[in-house]
1. Please state the relative contact order of segment 2-90 as a whole percent: Cα pairs under 8 Å, 6+ residues apart?
2. Run the simple label-point estimate for ILE15 and TYR79 please: 7 Å along Cα→C-beta, distance reported in nm.
3. Only Lys, Arg, Asp and Glu count, each charged at its Cβ (+1, +1, -1, -1), so figure out the dipole size of the chain about its Cα centre, rounded to 20 debye.
4. Any idea how far apart LEU24 and GLU58 come out in nm if each label point goes 7 Å out from Cα toward Cβ?
5. Which number do you get for Rg(Cα) / (2.2 N^0.38 Å) in the chain?
6. Expected output is a single nm value to one decimal: the length gained when fully extending between CYS44 and LYS8, i.e. 0.36 nm times separation in residues minus the C-alpha distance. What is it?
7. In straight Cα distance, which lysines are under 17 Å from LYS94, not counting same-chain residues fewer than 8 positions off?
8. Find which of ASN48, LEU34, THR17 sits farthest along the positive direction of the dipole of segment 2-90, computed with +1 on the beta-carbon of Lys and Arg, -1 on that of Asp and Glu, about the Cα centre.
Amino acid sequence: MQLKIKMKLNEMQEIETVFDEPSLQDCVLKAGALLAFDGKCAFCDSKNIRLQTRVTKEKGFKYTEFVCECGAKRQFGEYKEGGFFLKGWEPPYKKEGNGVAK
């Protein structure tokens, strides 16, 4: 069974992926994070979202997330058995007047 997903993230980015699993349930489990994304930011309602992966220096952990132009982020979580889910939106990073993060 194959499940093909095509998403437009913003004016310049579009992703397309195919999940090839034995059953529809397995395809949906693997594609869960993409299927759950409604295409807009929970803080500013912008649809100008990008997809990024960053790696930590210390232990090399990888974090894949949707990032809005306002700075809000929504990370992917990973099930132990495989497949992804979306965590809640994190508010945009704000600096106080002295340059220290709130």
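1. On the way: 148 pairs, mean separation 20.2, N = 89.
Worked out over segment 2-90, it gives 23 percent.
2. Those two pseudo-labels are separated by 1.8 nm.
3. Values: 18 positive and 15 negative charges, 87 e Å.
The dipole magnitude comes to about 420 debye.
4. Inter-label distance under the simple model: 4.4 nm.
5. Against the empirical 2.2 N^0.38 Å value, I get 1.22 for the chain.
6. Length difference between fully extended and current span is 11.2 nm.
7. Excluding near neighbours in sequence, the set is LYS73, LYS102.
8. Positive-end residue among those listed: ASN48.
Quick note: the coordinates plus some simple rules give every number you see, no bench work behind them. As the structure is a computational prediction, the values presented were derived from the model and not from experiment. Quick reminder, even Gly has a Cβ in these numbers, built from the backbone with ideal geometry, and neighbours come from all protein chains shown.
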